[in-house]
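**Student:** There's a structure below that I have some questions on.
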């Protein structure tokens, strides 16, 4: 691009970065014919001349400027080598083509971490909602290159605006960070668009020079340590910009919208609760749309992501990208994946070495500056420690007094047993979800053991259906399976092969579908549920109750202990009663299931017999109906007859039969209100097609 630009600038005197010749002259191809090219050049000249003769003063000057360079423009376009070079440099690629190429790169990275589905595509369209006009082209690209199902494409093509308008702020599905809602991400992305619009105005850049810098520099995030600091800064800037817009300076409106949006974002709970992570999203906003698929990342995915965005953030290398961006995401945003742990450890060790060297250099530089203050600071710290120790001794060491004895801690846990049990359930579910890849494989064994008896019953109908749940369920299932193979072996080897194929189809396929469903359900739960938020809430509840208990102990130890003893006794009784009741209920349900399975088998056999009888009667009735003969009809009209889809001339003509054609009657006759009579006839020998003909143009033969 630089070479062709410099060549044209030196030889023809204009800069191709200031005018897109391919787009301006609408050149369709670098191989355009000379005749077609001359037509386009002449057409463009006429258009500029027409503008100059017009009344639009604002466009006249621009047209005159372009017309003054028309000879140079045309000379470049008439040169075949330069024309091809312009196409190769990317001139003529409109915004739609550029966005389509970006979408292709985006989904290439996403697909390297997993299959492209509706949720991934819908998030992309929601995030880049301002490119709605390119949606159809992107969907077509997803179908052709990423094998997106047609049904999913049709769903994506529907307008989702009404659903989005109904969404409440802070609600909706969660991305992997499990801290921010999709709505927050969309609003933050809108802020960057406002900043881009504001940069287009020279007056805005003059008043706010930092607007051309990255968003984190523009908002002075290094100085705004807390959400309160940033809110104050945004409010101050909003007041300043609002004054400009009130004066009629419309170029400041994008900046006003930017600060308005930021002000609203900072009031949302997910942002105020996770301010430091929100700052991280601002600092690396180009990575945000890719975070949906970072739940289960692969090394290839991370390398592609680094290559795509590495230049935007000036990372020193792939390891620097991991240390500065991905490791903070991995450690703080709720990602765990064993496949990349080794890669992250290597990057972290390399990063620590570089950081240690930097720290050593900074320490050596600061050591001389701090040497004069160390002695004074040491004396002050010693004095503070001594005074603190004295106060602690005088107060009876409050910190030690707050510690609970083993007995008190045990009573506290028993008294709050329901809370601990609920937390344990949540943690167990979280552990199951985060390790679903292993659990689903293990779950396949008991599922297969319970499914095998059903397969044996369906294949051979062997005796009663026996499903055992417990330590002997594999023994029962394998015994039934062995009996099946013995019977098949007595027939021939083909029967054994057929039985094996049926077992694979009826056994492995359903079990595989179930385990895959568990895997996908776990992946969705892992992605959608705010596990870290639940854990923080649980910890806050326990911390609050423990604090109250400590206060009660400090006021009256005996009363607090008695209260805990009573609560612990009630909890133990309730838990024991629930356990006993649950065990009894489980046994009762199990016996009920056995009885129901036997009754269901009897019902299925009776139903099968009824169906067989009904099928026999239906076959007999169909044979009787086919054997019935209602006669024939001969076409008497000299010009032939129209056969229609219904009784009446309002119906569509489906066939035209010539004079003398013999048609078989179906037996259906319909008389219209006007007195016309119409007969239904068969149009083919197989009697699969029918039509209607008027009685006035046929002769009936009903022998």
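The values are calculated or read from the model by the stated rules, or taken from the named source; none is laboratory data. Remember, it's a predicted structure, so these values are computed and weren't measured experimentally. As a convention, Cβ positions derive from the backbone with ideal geometry for all residues, glycine included, and neighbour counts pool all protein chains shown.
**Student:** I'd like the full set of residues that are free of Cβ contacts under 8 Å to residues at least 12 places away in the same chain and either under 23 Å from residue 28 (Cα atoms) or loosely packed, with under 13 Cβ neighbours inside 10 Å (or both), limited to region 48-61.
**Tutor:** 50, 53, 54, 55, 56, 57, 58, 61 - these are the residues of region 48-61 that are free of Cβ contacts under 8 Å to residues at least 12 places away in the same chain and either under 23 Å from residue 28 (Cα atoms) or loosely packed, with under 13 Cβ neighbours inside 10 Å (or both).
**Student:** Same structure again: I'd like to check something: does region 286-300 contain any residue that is in contact with a helix residue (DSSP H, G or I) (Cβ under 9 Å, 6 or more places away or on another chain), closer than 24 Å to residue 222 by Cα and part of a loop (DSSP other than H, G, I, E, B)?
**Tutor:** no
**Student:** Given the conditions (1) under 48 Å from the mean Cα position of the chain (by Cα); (2) farther than 15 Å from residue 83 by Cβ; (3) surrounded by fewer than 12 Cβ atoms within 10 Å (Cβ to Cβ), and given that residue 10 satisfies all but one, which numbered condition is not satisfied?
**Tutor:** (1)
**Student:** Output the residues belonging to region 666-690 that are assigned to a strand (DSSP E or B) and within 17 Å of residue 701 (Cα to Cα).
**Tutor:** Once the filter is applied, which keeps residues that are assigned to a strand (DSSP E or B) and within 17 Å of residue 701 (Cα to Cα), region 666-690 yields 666, 667, 668, 669, 677, 678, 679, 680, 681, 682.
**Student:** Given the conditions (1) at pLDDT 75 or above; (2) farther than 30 Å from residue 270 by Cβ, and given that residue 580 satisfies all but one, which numbered condition is not satisfied?
**Tutor:** (1)
**Student:** Right, here's the next one. Count, please, the residues in region 122-139 that happen to be at pLDDT 85 or above and surrounded by fewer than 17 Cβ atoms within 10 Å (Cβ to Cβ).
**Tutor:** Matching residues across region 122-139 total 0.
**Student:** Could I ask something else about it? Which ones in region 1-16 are over 14 Å from residue 66 (Cα atoms) and not in a helix (DSSP H, G or I)?
**Tutor:** 1
**Student:** Another one. Given the options 148, 156, name the one that is closer than 25 Å to residue 101 by Cβ, in a helix (DSSP H, G or I), at pLDDT 75 or above and touching a helix residue (DSSP H, G or I) at 6+ places or on another chain (Cβ under 6 Å).
**Tutor:** Unique residue meeting the criteria: 156.
**Student:** May I pose another question? In the list 210, 229, 257, 222, which residue meets the criterion of being in the same structural domain as residue 182 (by TED's automatic domain parsing) and not in a helix (DSSP H, G or I)?
**Tutor:** Result: 222 is the single residue among 210, 229, 257, 222 that is in the same structural domain as residue 182 (by TED's automatic domain parsing) and not in a helix (DSSP H, G or I).
**Student:** Oh, and also: Would you say residue 119 is surrounded by fewer than 15 Cβ atoms within 10 Å (Cβ to Cβ), outside the structural domain of residue 13 (by TED's automatic domain parsing), under 19 Å from the mean Cα position of the chain (by Cα) and farther than 24 Å from residue 25 by Cβ?
**Tutor:** Criteria met by residue 119.
**Student:** Oh, and also: So which residues in region 635-665 are touching a helix residue (DSSP H, G or I) at 6+ places or on another chain (Cβ under 9 Å) and in a strand (DSSP E or B), if there are any at all?
**Tutor:** Those that are touching a helix residue (DSSP H, G or I) at 6+ places or on another chain (Cβ under 9 Å) and in a strand (DSSP E or B): 635, 641, 642.
**Student:** Right, another one. Output the residues belonging to region 290-310 that are closer than 25 Å to residue 278 by Cβ and either modelled with pLDDT under 80 or more than 20 Å from the chain's Cα centre (by Cα) (or both).
**Tutor:** Selection gives 291, 292, 293, 294, 295, 296, 297, 306, 308, 309, 310.
**Student:** Can you name the condition, by its number, that residue 558 falls short on among (1) at pLDDT below 75; (2) closer than 29 Å to residue 422 by Cβ?
**Tutor:** Failing condition for residue 558: (2).
**Student:** For residue 564, only one of the following conditions fails: (1) at pLDDT 70 or above; (2) closer than 18 Å to residue 421 by Cα; (3) surrounded by 11 or more Cβ atoms within 10 Å (Cβ to Cβ). What is its number?
**Tutor:** (1)
**Student:** Further question on the same structure: Going residue by residue through region 270-280, is there one that turns out to be more than 24 Å from the chain's Cα centre (by Cα), at pLDDT 85 or above and crowded, with 21+ Cβ neighbours inside 10 Å?
**Tutor:** No - not one qualifying residue is present in region 270-280.
**Student:** Tell me whether region 249-266 contains one or more residues that are surrounded by 15 or more Cβ atoms within 10 Å (Cβ to Cβ), farther than 26 Å from residue 130 by Cα and in contact (Cβ under 8 Å) with a residue 24 or more places away in the chain.
**Tutor:** There is no residue in region 249-266 that is surrounded by 15 or more Cβ atoms within 10 Å (Cβ to Cβ), farther than 26 Å from residue 130 by Cα and in contact (Cβ under 8 Å) with a residue 24 or more places away in the chain.
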